[in-house]
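Undergrad: Before I ask anything, let me first share the structure, which is written out below as structure tokens.
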Amino acid sequence: MRLVFLGPPGAGKGTQVKMLSKALGVPSMATGDVLRMEVASGSELGREAKSYMDKGELVPDDIVIKIVEKWLRSINIAKGFILDGYPRNVRQARELDEILRQMNVELTAAIYLDVPENEIVRRLSGRLTCRKCGAVYHIEFNPPKEDRKCDVCGSELYQREDDKEDVVRQRFRVYTESTKPVLDYYKDKGKLLVIDGLGSIEEVNKRILKRLQELSSSSK
Ligand code: AP5
């Protein structure tokens, strides 16, 4: 399956993509994670990306499209993939279609995690992220076994810089203006799967798997 995950900041995209990647046995990539690693490494790309991320703005398309294209060309595309947090605007969606066309494959579906704003605020305000491996936790809904320590690699958990209230508000504005139109782009192509993102992490995961099973049986 070749999938992209869409949804407002904090909808649970990263959480679900990591689970789905394991369940389906396909590689996944989050543009946000790659950019945060570049920032942490202090690279030139990271320094440029940071100036946008700290303000809650999108990093310029040319940078992000190159990251995605490089990754897609590095994997066995026939086996499938999941992209988390890409595309963020219609230009990125069109560029993805073009890259996939050149690679003779098509996107299977765009999964939209539908979560209302009040729930998003609860999710983002309690999120903890691992500084080293990027694993995501929530102080209430998905706490780590040990306080502020990653279950996966034992490193320190921290609150993301862009989870501060004013930056979250700006990320929402950007989502509404630039990313929401991407939903229509995929709807018009008959590829949009809307998933109710409310409920526990496991409930949402079951819903996604069920829809993907239905999709794969209907295409046989
Ligand atoms: P990015 O890292 O992609 O941030 P985002 O889209 O705002 O999404 P988040 O990572 O905040 O949330 P999520 O939906 O993955 O939720 P999560 O699973 O963590 O992007 C950051 C920045 O990078 C952007 O602002 C931009 O600058 C740049 N960028 C990235 N991609 C770009 C692109 N393509 N183009 C240009 N710029 C780009 O869950 C959130 C919390 O909720 C967690 O604590 C989790 O444990 C909890 N949770 C999850 N599911 C549930 C549930 N069902 N019930 C209760 N709690 C839950």
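The values are calculated or read from the model by the stated rules, or taken from the named source; none is laboratory data. Keep in mind that what you see is a predicted model, and the values were worked out from it rather than measured. Every residue, glycine as well, gets a Cβ built from its backbone with ideal geometry; the counts of neighbours run over all protein chains shown.
Undergrad: Name the single residue that is nearest to the ligand (Cβ to nearest atom) among those in the stretch 5-17 being aliphatic (A, V, I, L, M) and within 23 Å of Q170 (Cα to Cα).
TA: Result: A11.
Undergrad: Something else now. Could you tell me whether the stretch 97-116 includes any residue that is of a type in the set (K, R) and touching a Lys or Arg at 6+ places or on another chain (Cβ under 8 Å)?
TA: no
Undergrad: OK, next. Among the residues of the stretch 80-117, write down those that are of a type outside the set (A, V, I, L, M, F, W, C), within 30 Å of G199 (Cβ to Cβ) and out of contact with any strand residue (DSSP E or B) (no Cβ under 8 Å at 6 or more places or on another chain).
TA: Listed by number, the residues that qualify are R88, N89, Q92, P116, E117.
Undergrad: OK, next. Select from the stretch 133-145 the residues that are away from the ligand (no atom under 11 Å from the Cβ) and at pLDDT below 95 and list them in ascending order.
TA: Selection gives C133 alone.
Undergrad: When the stretch 162-173 is examined, which residues are found to be more than 10 Å from the ligand (Cβ to nearest atom) and in a helix (DSSP H, G or I)?
TA: Within the stretch 162-173, E165, D166, R169, R173 qualify.
Undergrad: Evaluate the stretch 29-51: report whether one residue or more is in contact with a strand residue (DSSP E or B) (Cβ under 7 Å, 6 or more places away or on another chain), farther than 20 Å from K180 by Cα, buried (at least 17 other Cβ atoms within 10 Å of the Cβ) and touching a residue at least 24 places away in the same chain (Cβ under 8 Å).
TA: Yes, the stretch 29-51 has at least one match.
Undergrad: If a residue must be of a type in the set (S, T, N, Q) and modelled with pLDDT under 90, how many such residues does the stretch 113-132 contain?
TA: The total comes to 2.
Undergrad: Determine, yes or no, whether G154 is part of a loop (DSSP other than H, G, I, E, B) and surrounded by 15 or more Cβ atoms within 10 Å (Cβ to Cβ).
TA: No, not satisfied.
Undergrad: For the stretch 22-57, what are the residues that are among the basic types (K, R) and more than 11 Å from the ligand (Cβ to nearest atom)?
TA: Residues satisfying the conditions are K22, R47.
Undergrad: A further question on this structure: Quick one: which of V204, V167 is under 14 Å from Q16 (Cβ atoms), surrounded by 17 or more Cβ atoms within 10 Å (Cβ to Cβ) and touching a Gly at 6+ places or on another chain (Cβ under 6 Å)?
TA: V204
Undergrad: Oh, and also: From the set of residues in the stretch 74-88 that are surrounded by fewer than 20 Cβ atoms within 10 Å (Cβ to Cβ) and in contact (Cβ under 8 Å) with a residue 60 or more places away in the chain, which is nearest to the chain's Cα centre (by Cα)?
TA: Only one residue fits best here, namely G80.
Undergrad: Filter the stretch 174-201 down to the residues that are within 11 Å of the ligand (Cβ to nearest atom) and within 22 Å of D61 (Cα to Cα) and list them by number.
TA: Hits for the stretch 174-201 are V174, Y175, S178, T179, V182.
Undergrad: Tell me, which residue of the stretch 58-71 that is more than 6 Å from the ligand (Cβ to nearest atom) and in contact with a helix residue (DSSP H, G or I) (Cβ under 6 Å, 6 or more places away or on another chain) is farthest from P27 (Cα to Cα)?
TA: Checking each candidate, the answer is D61.
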